[in-house]
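First up is the structure itself, then whatever we jot down about it.
The values are calculated or read from the model by the stated rules, or taken from the named source; none is laboratory data. Just so we're clear, the structure is a prediction, and the values are computed from it rather than from any experiment. With ideal geometry, Cβ positions are generated from the backbone for all residues, glycine too; neighbour counts draw on all protein chains shown.
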Amino acid sequence: MLDKRQFYIDGQWVDPVEGKDFEVINPATEQPVAVISLGSSSDLDKAVAAAKVAFETWSETSVEDRAALIERVIKIYERRSAEMDDAIRLEMGAPAKFVREQQTPAGSGHFQATLEALKSHQWERPSPRGGSTLRDEPIGVCGLITPWNWPINQIAAKVAPALAAGCTMVLKPSEVAPLSAMLFAEILHEAGCPAGVFNLVNGDGLGVGAPMSSHQDIDMVSFTGSTRAGTSVSQNAAPTVKRVALELGGKSANLLFADADLETAVRTSVEGCFSNSGQSCDAPTRLLVERSVYDEAVTLAKRFAEETEVGNPEKDGDHIGPVVSQLQYDRIQGHIEAGLKDDNKLITGGPGKPEGLETGYYVRPTIFADVSNDMHVAREEIFGPVLAILPFDTEIDAIRIANDTPYGLAAYIQTGDPERANRVARKLRAGNVYINGAGIDYDVPFGGYKQSGNGREFGQFGLEDFLELKAITA
């Protein structure tokens, strides 16, 4: 079992002020693979103090110096990508191929997009009518709180722009999946990141997250996680009037029109929902189908779900793995049980584990059909491989159902009519709209409307989140 009980503070690995051991569990075996320490406000204070000192010099570095560091990080990250694959597979149970092709590459993808944004950004410019200078400056010391479901993706989406902006930072990764974060700290150290610029303190929300949100020497908190936890971050941060950037939950609608290539659209929809074992905030978990093709779509969805293989993350292939923890498994089972009580139809899956997978936090790929938008499985973010299928009659009806949610992170459209795709996309209250299976783009803004958060990440837009705008008038 790996001993990972130290924190990375001021350029070195240090012991916690007061050790509190916490086991990291492999979701596929239910056995511990590492032990970390859960930090406290005292550990956080040390890290913030180091970041505050480092900010005095790092904030004054040139674009060229910051770009050079990011280039070294990318090179080392790519060299150590196999280690990152192993870390993510162990800590969250993501299958080997999925980690290798999607989870790990997200890290270098964000750093590359940020590097391009850094080099092209106009740091000083004249005011619109002249007479003054507008100057972008780093916001200061940043607290970064990241989740377990896409661990290195969210770390890189915050650390890369913070470094590029000239900020210093303290990272609190999820205590459930901290191994990728600790490997990432090693990569930054090897790349020559100056002492105090990047610091890492493991811990839970109560011990480190809450003190970070309220810390008087932290100028910004960037948080990714549940809407409930994001609300707490905002409340804790309010007395210090620090900037808070939130990327939160979702219950994303996927609008499938009759003029789409039905088999391809349904397959893409099912795979998108079940990808990463359903543990994605922007997963298309509500499939809205035009009534004229509804029955056929349900039949296809059932077939594709039952063709979805669930298995050991160490095995190479296109299967899905377990969910991340016993707690997550139990929550998903509760949502499925609640779905069974509603007046809808369970067409495949259901409670319990897949046959032959009694050990590990495996969930049966599950689909509910004939769902109405007021039902539990249509309202709640389940965060597992559970799909709700709802019928609609008209384009207006589809848009109304899609927008009838407290969330607004993502939306999806499947149609053979480009004009309809663009028309509907403009009416959907979501930060990101994907048409006909389009994938992620690290250069475009990522973030949500309503209770899915505020601010935007990725590329130029992520960089701007970590900047203050100063006007100099002579």
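Values computed for the structure shown
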{"item": "From 430, 388, 402, residue being buried (at least 24 other Cβ atoms within 10 Å of the Cβ) and assigned to a helix (DSSP H, G or I)", "result": "402"}
{"item": "Residue 57 vs. criteria touching a Ser or Thr at 6+ places or on another chain (Cβ under 9 Å) and β-branched (Val, Ile, Thr)", "result": "no"}
{"item": "Residue 323 vs. criteria closer than 27 Å to residue 224 by Cβ and among the aliphatic types (A, V, I, L, M)", "result": "yes"}
{"item": "Cross-chain or 6+ apart pairs with Cβ under 6 Å, segment 165-177 first and more than 11 Å from residue 203 (Cβ to Cβ), then among the polar types (S, T, N, Q)", "result": "166/59; 176/325"}
{"item": "Segment 371-383, subset under 19 Å from residue 327 (Cα atoms) and acidic (Asp, Glu), residue farthest from the chain's Cα centre (by Cα)", "result": "380"}
{"item": "Residues of segment 83-135 satisfying the condition of being modelled with pLDDT under 95 and either of a type outside the set (Lys, Arg) or touching a helix residue (DSSP H, G or I) at 6+ places or on another chain (Cβ under 8 Å) (or both)", "result": "128, 130, 131"}
{"item": "Test: residue in segment 280-289 that is modelled with pLDDT of 95 or more, basic (Lys, Arg), over 14 Å from the mean Cα position of the chain (by Cα) and not in a helix (DSSP H, G or I)", "result": "yes"}
{"item": "Some residue of segment 195-202 being touching a helix residue (DSSP H, G or I) at 6+ places or on another chain (Cβ under 6 Å), part of a loop (DSSP other than H, G, I, E, B), hydrophobic (A, V, I, L, M, F, W, C) and assigned by TED's automatic domain parsing to the domain that holds residue 164", "result": "yes"}
{"item": "Residue in segment 352-359 that is loosely packed, with under 14 Cβ neighbours inside 10 Å, of a type in the set (Ser, Thr, Tyr) and touching a residue at least 40 places away in the same chain (Cβ under 8 Å) present", "result": "yes"}
{"item": "Condition broken by residue 317, with the remaining ones in (1) surrounded by fewer than 19 Cβ atoms within 10 Å (Cβ to Cβ); (2) closer than 20 Å to residue 372 by Cβ; (3) in contact with a Gly (Cβ under 8 Å, 6 or more places away or on another chain) satisfied", "result": "(2)"}
{"item": "Failed item in (1) touching a residue at least 40 places away in the same chain (Cβ under 8 Å); (2) within 26 Å of the chain's Cα centre (by Cα), with residue 368 passing the rest", "result": "(1)"}
{"item": "Pair list, Cβ < 6 Å and 6+ apart or interchain, from segment 84-99 residues that are in the same structural domain as residue 319 (by TED's automatic domain parsing) to residues that are modelled with pLDDT of 95 or more", "result": "none"}
